[in-house]
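Visitor: Attaching a single structure in structure tokens format; questions to follow.
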Amino acid sequence: VQVVESGGGWVQPGGSLRLSCAASGVLFRYYNMGWYRQAPGKQRELVASITSFTGGGRTNYAESVKGRSTISVDNAKNTVYLQMSSLNTEDTAVYYCHAEVRVGPDRGDYWGQGTQVTVSS
């Protein structure tokens, strides 16, 4: 399973952006997907996650982004999105997409290469 993020970049404080993550595999709709981030000198942390359609598409958010972030999935495009608004400098990090695959021959945990998000004026 290949996982590829896109959509990072530079944004001013208070701005918004949308990250995209495309994952391969015909069983994408069965994947649990998540976004993590890692800031310099800090551990990687969960930002948001969404269960597969069989899991009800339940979402979970870190307290630091709750209310200003939305994770969503488009099964037709094998893509998960993270929409973030009211960005601040503490959101600066490398954002990673994670696919948890628990069905089929490719069971395992897969990570993308990461996309840099920089929030500064």
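The values are calculated or read from the model by the stated rules, or taken from the named source; none is laboratory data. Remember, predicted model here, so these are calculated numbers, not experimental data. Cβ coordinates were reconstructed from backbone atoms using ideal geometry, including for glycine residues, and neighbour counts include every protein chain displayed. Surface accessibility is based on the protein's heavy atoms, side chains included, excluding ligands, DNA and RNA. Shrake-Rupley method; radii C 1.70, N 1.55, O 1.52, S 1.80 Å.
Visitor: Evaluate the relative contact order of the chain (contact order divided by residue number), counting alpha-carbon pairs under 8 angstrom at least 6 apart; express in whole percent.
Guide: Working: 300 pairs, mean separation 44.4, N = 121.
For the chain, the relative contact order is 37 percent.
Visitor: Rounded to whole Å and ordered largest first, report the semi-axes of the equivalent ellipsoid of segment 67-121 derived from its Cα gyration tensor (root of 5λ). Write down the numbers at each step before the final one.
Guide: Values: eigenvalues 143, 39, 14 Å².
For segment 67-121, the ellipsoid semi-axes come out as 27, 14, 8 Å.
Visitor: If we count every other residue with Cβ under 14 angstrom of V65's Cβ, Lys/Arg +1 and Asp/Glu -1, where does the sum land?
Guide: Once all neighbours under 14 Å are counted, the net charge is 0.
Visitor: Just to make sure I understand: if all protein chains stay in place, what is the order of F53, F28 by accessible area at 1.4 Å, largest first? Write out the running numbers ahead of the final one.
Guide: On the way: F53 95, F28 5 Å².
These residues rank, largest area first, as F53, F28.
Visitor: Something else now. Compute the distance in nm between two label points, each set 7 Å from the Cα along the Cα-to-Cβ direction, one at Q113 and one at S24.
Guide: For the pair Q113/S24, the computed spacing is 1.4 nm.
Visitor: Further, regarding this structure: Roughly how many percent of the accessible protein surface of the chain is carbon and sulfur, given a 1.4 Å probe and a whole-percent answer? Can you show the working numbers first?
Guide: Working: 3010 of 6350 Å².
About 47 percent, which is the carbon plus sulfur part of the accessible surface.
Visitor: What spacing in nm lies between the two simple spin-label points modelled at E90 and E45, each 7 Å away from Cα in the Cβ direction?
Guide: 0.7 nm
Visitor: Considering only protein heavy atoms, what per residue accessible area in square angstrom results for the chain with a 1.4 angstrom probe?
Guide: On the way: 6350 Å² over 121 residues.
On a per-residue basis, 53 Å².
Visitor: Give, as ranges by residue number, the residues of segment 75-92 whose backbone N falls under 20 Å from the point 7 Å along Cα→Cβ of Q12.
Guide: Under 20 Å, as judged by backbone N against the label point of Q12, lie 84-92 of segment 75-92.
Visitor: For the charge dipole of the chain, defined by +1 on Lys and Arg C-beta atoms and -1 on Asp and Glu C-beta atoms about the Cα centroid, which residue among T79, G55, G14 has the Cα displaced farthest towards the positive pole?
Guide: Ranked along the dipole, the leading option is G55.
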